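I have placed the structure first, in the form of structure tokens, so that the comments after it can refer back to it.
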Amino acid sequence: MIRGALLPQEIRAVMDNGVPAVVVTCSADGVPNATIVSHARYIDESHIALSFQFFNKTTRNVRENPHACVALNDLAGSAQWILGVQYDHSETQGPIFEEMDMRIEAIASVSGMSGIFKLRAADVYRVKSYRLLSNEDSIE
Amino acid sequence: MIPGALLDFLEGRGSFAVAGTRDANLVPHVHYVSGWLVEPDRQTIRCLINRAYLDGLFGSLEDNGQFCLTVEQIGTHETYQFKGMYVGSADLTDADLAAHHRASQKFAKALSLFVGYPEPVGRSFIRRPDVIVRFAVREVFVQTPGPVAGRRIFPSEEP
């Protein structure tokens with residue numbers, strides 16, 4: 001297990017692997033919410049962006065309580081990256097939004113969700129910590 | 001009690017599950033689920049969790065009891081989220097291990113079918129459970145992408 005606040009370069013391949021990520025948030029009144037998101041994008045070593053496609057509980061939660069936990073799936077490596085993050089801001093235009101919009105379109109096309117998946121914003125989060133969980137962590 | 005259609009989903013089509021908790025500071029934690037089983041009362045779900053995902057789990061549950069479980073059918077994206085309160089843990093039984101085996105098989109087959117990964121890769125991703133979290137379901141929400149995403153289906157929302 002590794003802990004740190006600055007993301008290592010090897011995480012970029014996991015964020016580009018096309019496998020959905022998991023996001024857990026919590027409302028201001030203390031109810032957790034776990035959801036699956038189509039795309040997490042590396043911005044720099046201390047920021048990521050998550051696709052905001054629907055007006056949903058995740059969106060509301062992070063605007064009232066910015067803490068979130070993101071799990072990235074490395075299926076080939078049988079590992080997960082668990083990120084502690086904090087919602088920073090949303091972008092509805094510019095290079096991050098445009099690139100994520102194209103990626104979401106591609107995912108929607110491949111998964112039969114054209115017309116349903118539509119990027120409303122790129123939600124940008126600051127990375128506070130990360131852990132890499134590999135198979136070794138599951139063996140006593 | 002959990003409606004029959006949702007029981008059918010949990011016992012049949014659901015092929016991936018993940019859970020969430022939050023601590024005393026409202027910081028969320030993620031816990032991958034290696035299998036799930038509805039108890040005979042049709043209100044309590046047993047979530048099987050590997051030791052790798054214990055960070056923040058029991059501390060949060062003992063602080064506030066809040067627990068959520070999201071289950072998806074890979075491929076169709078049919079997804080539901082079950083929210084409720086922790087009622088306790090339990091020792092692993094043969095029935096739990098059978099539930100883990102089913103979850104692992106379903107995930108591996110879906111991964112092979114839709115993503116092209118060999119089934120052993122999928123099976124190794126769903127780790128053998130070490131602990132069980134039992135929670136009583138209070139609400140269920142649709143999470144399938146589309147116009148009804150976010151709608152509460154149990155108990156039914158008022159018209």
Inset, instruction - Normalising by the residue count of region B:4-154, find the relative contact order in percent from Cα pairs under 8 Å and 6+ residues apart. - result: 27 percent
Legend entry - Share of carbon and sulfur in the accessible heavy-atom surface of region B:4-154 [1.4 Å probe, %]: 53 percent
Inset, instruction - Among the lysines, select those whose C-alpha is under 20 Å from the C-alpha of B:K83, and discard any that sit fewer than 8 residues away in the same chain. - result: A:K57
Inset, instruction - Leaving ligands, DNA and RNA out of it, report the carbon-plus-sulfur percent of the accessible area of region A:1-51 at a 1.4 Å probe. - result: 51 percent
Inset, instruction - Using just the helices of the protein assembly as shown, give the 222 nm mean residue ellipticity in deg cm²/dmol: DSSP H runs with n ≥ 4 each add -39,500 (n - 2.57), and the total is spread over all residues, rounded to 500. - result: -7000 deg cm²/dmol
Inset, instruction - Please give the length that would be gained between B:R138 and B:D41 if that part of the chain were fully extended, namely 0.36 nm times their separation in residues minus their C-alpha to C-alpha distance (nm, one decimal). - result: 33.6 nm
Legend entry - Stretch gain in nm, segment B:S112-B:A24, where the contour uses 0.36 nm per residue and the Cα spacing is subtracted: 27.7 nm
Legend entry - Residue-normalised accessible area of the protein assembly as shown, given per residue in Å² at a 1.4 Å probe: 43 Å²
Inset, instruction - First select every other residue whose beta carbon is under 13 angstrom from the beta carbon of A:A108; then total the charges, Lys and Arg +1, Asp and Glu -1. - result: 0
Legend entry - Global geometry of region A:2-134, whether rounded, prolate or oblate, following the gyration tensor of its Cα atoms and the 1.5 cut on a/c: rounded
Inset, instruction - Taking a probe of 1.4 Å and counting only protein heavy atoms, give the total accessible area buried between chains B and A in Å², rounded to the nearest 100. - result: 3100 Å²
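The values are calculated or read from the model by the stated rules, or taken from the named source; none is laboratory data. This one's a predicted model, so the numbers in the text were calculated from it and none came from an experiment. Neighbour counts run over all protein chains shown; Cβ positions are idealised from the backbone, glycine included. Protein only, heavy atoms only, side chains kept; ligands, DNA and RNA dropped before computing areas. Shrake-Rupley method; radii C 1.70, N 1.55, O 1.52, S 1.80 Å.
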